[in-house]
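The values are calculated or read from the model by the stated rules, or taken from the named source; none is laboratory data. Given the structure is predicted, the values throughout are model-derived calculations rather than measurements. Virtual Cβ from ideal backbone geometry, glycine too; neighbours counted across all protein chains shown. The accessibility values were calculated without ligands, DNA or RNA, using every heavy atom of the protein model including side chains. Shrake-Rupley method; radii C 1.70, N 1.55, O 1.52, S 1.80 Å.
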Amino acid sequence: MENQKPALKLNYKRTFYIGLAFFTILMLWQVYNTYCPLFLSDYFVRTLGGTTEDHSYLVGIIMAMDNILALFMLPLFGKLSDRTNTKLGKRMPYIIAGVVVAVIVFPLIPILFIYNKYIWMIVMMAIILLAMNLYRSPAVSLMPDITPKPLRSKANAIINFVGYLGAIFAGALAILFPADKNEVTGYLDYDPNTIWIPFALTAVLMIVALVILFFKIKENKIAKEVASEMEEGERQAEAESSLAEDKPLTKLDKRNLIILMLSIFLWFFAFNAIETFGSTFSTEHLELGTGWWGTAVIVMTICSLLGFIPGGYIADKLGRKWTIVIGLVLMLVSLLIATFVMIPWLLYILIGIAGIGWAWVNVNSYPMVVEMASKKTVGRLTGWYYAASMLAQSLTPICVGFFFKALGYEWLFPYATIFTIIALVVFLFYKKPSHHDTAPALIDGSTTAQDSKAETTTTTENLETTQVSRVGDTTNKITKDSTTALDSGADDTNTKDNKADDKISKQGKVVGDTNKKARTIKKSSTMQSVGDSEKPAKTIRKTAKTTQTIALTTQEDDIATEFKKNSRKKATSESAENKTSTTKVTNKPAKGDTSKKHTIPPKLTSNEE
């Protein structure tokens with residue numbers, strides 16, 4: 001009979017608190033990417049002359065440093081956090097250090113810009129890059145550290161949802177505190193009295209999020225509390241073998257990991273092209289200006305936000321692989337239609353559908369990567385995941401630039417479509433381990449139904465032996481009591497002797513009936529054990545033993561009490577008769593019964609036993 005997998009339940013509140021770390025990451029990067037390119041462009045125009053377009057490559061190089069540093073720093077600090085062991089946990093020291101440095105340095109960037117301290121401003125930007133890359137991998141690794149593997153898609157959906165709230169908040173700050181190029185002077189047009197507010201508010205919210213995270217997530221304590229759930233998660237994992245003891249990856253798991261990394265690279269290579277050059281496509285090809293693309297980004301963000309939670313639940317029903325496949329198909333269909341349709345309102349719908357598909361891909365891809373990780377390699381594989389995505393985001397702008405130069409801006413959507421198809425084809429080679437078609441063994445003792453049945457049969461036989469032994473002891477005790485009682489009185493008359501024989505024979509029959517009932521109990525218990533073989537053996541043993549012990553003890557007590565009562569009554573009667581009969585010393589035996597003076601209760605025969 002098929003065993004059911006023990007249910008694992010996600011702690012939503014705890015997952016939300018963990019998501020605050022990702023909230024700080026996306027919020028800061030959104031503010032950074034909104035204002036820092038404008039600050040850099042203004043600096044180069046003021047110092048080197050010319051226009052912003054003349055120095056766009058310099059701005060691009062500095063802004064690309066984030067992706068370049070991430071290729072090395074994210075795997076490095078992910079691996080270092082795997083090897084860290086402190087009272088605060090493995091990940092929390094890096095999160096605290098990175099957030100504190102960012103909170104101190106981030107508000108200095110606009111202040112230094114206002115006072116024309118451009119070199120120091122660039123230095124502060126470099127420190128921000130180091131601080132954010134310091135804690136990104138540990139912050140993201142915190143979720144799989146304390147979340148069982150089957151629940152990580154749901155957990156990642158919640159964390160992405162919380163993180164995108166930070167990005168949306170940062171976008172709102174950009175609307176409230178705008179900064180744009182003055183078309184007359186070519187310099188940045190901004191209000192020096194308010195330009196620092198988005199940076200300051202971001203820093204304040206980051207420190208608030210850190211405080212909540214610090215007091216609500218006690219990493220070491222939670223790790224101990226969820227130890228049994230993590231072990232069960234390993235048994236239900238989509239890896240070919242359990243990695244709880246940091247065993248090497250099997251051949252199939254290594255193959256799947258390579259396919260995953262290549263797929264991640266390819267779908268980021270496709271979708272980031274649209275995110276990077278959407279505004280250029282809107283201005284140069286559609287001739288709708290940057291405003292249209294700004295609205296398209298809002299539509300895509302909202303649709304992605306709404307798609308995160310359903311993406312986790314769909315993965316729980318269909319599996320992560322097929323949820324990602326569905327997401328890639330949604331992206332592919334929408335991008336393919338967008339290649340041939342240039343209707344603005346329809347493009348909004350298509351970009352929104354692509355955003356939903358993109359959310360489903362992202363929600364499940366990271367949990368699939370850390371599915372291959374043990375407790376000692378979660379941070380390292382997290383770093384590899386981000387290295388693959390960052391490498392794609394660093395290279396795809398260069399490739400898109402060649403496409404635009406050779407074929408024109410209208411090739412943006414065909415470019416994304418081509419690499420989405422390649423990503424889908426590669427990802428279909430991911431093979432789910434076949435051993436997950438069979439449910440795992442029972443948790444209690446890890447015994448199967450057949451093992452439980454065999455163990456129960458053995459236990460019942462042992463109980464039978466004990467039971468027969470106890471019945472034999474009871475018979476001997478009754479025999480001894482009867483002999484003592486009869487010897488203590490004088491000889492009885494033939495009539496009284498025959499009555500005693502009848503009574504004692506009845507007691508022997510009761511003893512025989514007791515043995516018969518015991519055998520019936522044994523048979524019933526054995527049949528029950530076969531019927532209930534799916535239950536844990538421990539529970540069956542306890543129930544059978546308790547039932548038989550109670551029945552046997554009750555019958556023994558009834559037999560002993562009744563026999564002792566009759567024996568004492570007979571002895572008392574004989575003693576009184578001895579006082580009135582002074583001439584008789586012995587009783588004559590009854591006619592036809594010359595050989596029998598005393599009758600002893602019959603012992604159980606071997607067949608009865």
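At a glance:
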read-out: Under-5 Å amide H pairs with Asp189, H placed in peptide plane, nonlocal only; value: Asp180, Lys181, Asn182
read-out: Residue-normalised accessible area of region 89-245, given per residue in Å² at a 1.4 Å probe; value: 42
read-out: Inter-label distance for Ile298 and Leu88, nm, one decimal - labels placed 7 Å from Cα along Cα-to-Cβ; value: 4.0
read-out: Residue-span extension gain [Thr250 to Lys405] - 0.36 nm each, minus C-alpha spacing; value: 51.3 nm
read-out: Compactness of region 80-239, expressed as Rg and Dmax over alpha-carbon positions, Å; value: 19.7, 67
read-out: Theoretical FRET efficiency, 1/(1+(r/R0)^6), r = Cβ-Cβ of Asp189 and Val123, R0 22 Å, to 0.05; value: 0.30
read-out: Cys303 accessible area, 1.4 Å probe, all protein chains in place, Å² to nearest 10; value: 30
read-out: Inter-label distance, nm, simple model (7 Å from Cα along the C-beta direction), Met342/Ile68; value: 3.7
read-out: Unit Cα scatterers, Debye sum, region 299-383: log10 I(q)/I(0) for q = 0.19, 0.24 Å⁻¹; value: -0.81, -1.04
read-out: Gain in span if fully extended, Lys9 to Thr276, counting 0.36 nm per residue against the direct Cα distance; value: 92.2 nm
read-out: Per-residue SASA entry for Asp66, accessible area with 1.4 Å probe, Å² rounded to 10; value: 20
read-out: Length added when fully stretched, Ala172-Ile398, from 0.36 nm per residue minus Cα-Cα; value: 78.3 nm
read-out: Approximate spin-label separation Glu284-Lys317, in nm, with each point projected 7 Å along Cα-to-Cβ; value: 4.3
read-out: Cα pair distances exceeding 23 angstrom across region 200-349, given as percent; value: 62
